[in-house]
Amino acid sequence: MEGHLARFALLLCITAAAPASSQTCDPKKVNDSPWFHVREMLIGCWTSFVTEDKAEVHILNFATTDDKMFSLEMTNAKPMNLILTSPDTVYGLYNISADVNIYLNNNSTIVLHGNQHHNNVHKQDFPTQDEELVKWARQTFGGVTSFTTVRNLRAISSTGTTGTKPGSRNCILKNEDATEKHFMKIEKIPLASSFTSCSPQQQNPGDEAELHIINIPENASICNVSLRVDTKKIRVFLRGPQGTTWIVLNPQYTQFGSNNDILLPTITHRIPPSYTLTSDNADDVQRKALDIFKVSTFTSYTELRPADSTILLVLVKNDPSATEIVPDPVITITTNAPHQMPLLMQLYTSPDYRSPLDPNTKVQSDKRIYAEISGHTLGDIVLTIKVISCFVRSKGSCPVVKELPFILEACSSNSCSNSTRLSFSLDQLQELTTTTWDLECSVKLCYSEKCGDGGRVKRNLEVTQPCLKPPTPQCFDFGLRGVLGIAFGGFLIGVLLIGALWFIKIKTGYPTGLDMSSTAANLPGCPCSGAKRQPVSTNPSPSENSSANASIGSTQSTPTSSMA
């Protein structure tokens with residue numbers, strides 16, 4: 001019985017230890033990492049310059065190379081002046097169009113062979129040092145479109161697209177990734193680096209962010225490592241000897257932790273080390289990463305010894321058997337540049353920011369709209385989003401653009417972590433017939449007091465005009481004061497009228513009213529009721545006749561006496 005219990009306990013221990021052991025992995029030496037590709041970051045520049053006759057000016061600097069032969073294909077290139085320089089002897093086969101002119105130094109060790117347009121190859125006396133060569137090209141042609149340093153070149157060809165880059169016309173030399181230049185395709189001998197790599201048996205669930213671990217041993221050369229991870233939901237743990245600097249080119253896709261400084265070029269800010277880890281042992285590094293990100297497993301572990309002081313690491317894919325996919329050239333300017341944090345704008349109809357507005361819902365132009373702009377967290381830091389300007393653009397063949405004034409809304413740090421709130425009115429759109437608009441705001445990303453360009457965030461906006469209601473008749477609501485005021489006014493008017501009539505009676509002596517009964521009595525034949533009518537006799541009395549005759553006689557004698 002005791003033997004069965006012992007075997008059962010041993011089986012439980014093995015079962016419990018299995019998941020723990022699958023959390024880590026033992027790295028194996030490989031020629032190239034199945035997860036990351038290493039590229040060189042060499043001196044170069046890229047500008048928007050073109051000459052007055054629409055020709056581009058490109059400089060190709062062939063650095064030390066192991067392969068002495070290369071090919072140059074420029075049959076579909078835009079009109080250009082191409083300057084070639086190399087410190088070593090190299091041999092090139094070229095195939096160019098009539099619009100391409102090649103310039104070589106008088107003492108150049110570059111040997112070119114071509115079947116056509118031999119008169120397009122010119123030799124001149126110009127300097128070979130990088131800065132001096134750029135200065136000479138600027139004086140000769142007016143500027144420089146691009147300067148590219150290539151090492152171990154096999155072939156270079158034109159993609160037939162414009163070689164200019166929006167922005168500055170000044171060629172400022174710095175470390176760059178030449179593969180970003182979409183106007184040409186460069187094929188090089190793979191960079192030899194020492195890799196060890198592995199992946200644990202237990203992998204992340206499909207809905208969980210990947211975790212990649214990169215480790216540079218303590219006895220490796222101190223270098224600057226640029227990291228590009230063009231995939232969402234990625235976490236990386238970066239460990240290197242003291243003095244190593246990790247440059248995260250697209251931090252919007254990455255959550256990171258490191259024992260070294262991390263540089264964010266977007267806002268030109270340096271983040272100090274978040275953790276301390278002096279051990280470069282693979283198991284220690286892996287367990288430290290699991291503890292920092294609070295996860296049970298990781299996706300890949302890569303250990304490398306850089307062969308150069310400045311390199312670029314590019315994540316391939318989460319499939320170790322996959323090869324790197326180079327994206328198609330992108331010439332147009334996108335709303336969010338690849339190195340900027342992706343932003344989201346959500347609209348609301350009330351200042352409580354509780355009920356989001358559906359993108360297809362129409363809003364009335366007389367209503368105030370509330371907006372919240374937010375972005376993803378960059379590692380362990382918290383960024384502040386600052387809105388610079390907003391405008392609306394109508395959709396159609398003749399777009400109308402109007403600047404949109406806005407008011408910043410108050411928001412606590414807990415509610416507005418990596419976000420900001422604002423409100424605006426659409427009053428200026430009431431007189432326009434367009435209903436579909438693009439709402440776009442330009443923002444800056446700030447950390448502490450340092451700010452960098454955050455790009456633009458866009459949102460569709462459906463606007464409808466408010467319904468005009470027919471005017472309703474006004475109803476006067478009289479209160480107690482109003483009623484008393486009207487009564488008093490009527491009383492006062494009556495007093496004044498009575499006083500006026502009394503004044504007229506005193507001054508004129510006439511009655512202010514007519515005695516209708518006496519008047520009616522003096523009118524012969526008046527049918528008015530209430531007047532006493534005298535009976536009319538058909539035979540007048542002698543006294544009445546005499547009075548009447550006397551009266552007639554006196555009337556008739558007046559003219560006679562006057563005539564006498």
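The values are calculated or read from the model by the stated rules, or taken from the named source; none is laboratory data. Note that this is a predicted model, so its numbers are computed, not measured. Here the Cβ positions follow ideal geometry from the backbone for every residue, glycine too, while neighbour counts run over all protein chains shown. For the accessible areas, the whole protein counts, side chains as well, though only heavy atoms, and no ligand, DNA or RNA atoms are used. Shrake-Rupley method; radii C 1.70, N 1.55, O 1.52, S 1.80 Å.
Brief remarks on what is shown
- Solvent exposure, largest accessible area first (probe 1.4 Å, DNA, RNA and ligands not counted), of D88, D26: D26, D88
- When the pairs K54/K165; K165/K444; K165/K395; K362/K395; K367/K395; K181/K444 are compared against a 19 Å limit on Cα-Cα distance, K165/K444; K165/K395; K367/K395; K181/K444 fall above it.
- Shape of region 19-127, Cα gyration tensor, a/c cut at 1.5: prolate
- Three-way shape label, region 207-309, alpha-carbon gyration tensor, a/c 1.5: oblate
- Prolate is the label for region 61-111, because a/c, from the alpha-carbon gyration tensor with a ≥ b ≥ c as root eigenvalues, is 1.5 or above and a/b exceeds b/c.
- Relative protection proxy for 116-123, 54-61, 421-428, from highest mean packing down: 54-61, 421-428, 116-123 (other beta-carbon atoms within 10 angstrom).
- Anchor K294: lysines whose Cα lies under 27 Å away (excluding residues fewer than 8 positions away in-chain): K28, K232, K233, K317
- Each Cα pair of region 56-186 feeds into the Kirkwood radius, which the Stokes-Einstein equation turns, at 10 °C and 1.306 mPa s, into a diffusion coefficient of 107 µm²/s.
- Ranking E52, E176 from most to least accessible surface, computed with a 1.4 Å probe over the protein chains only, gives E52, E176.
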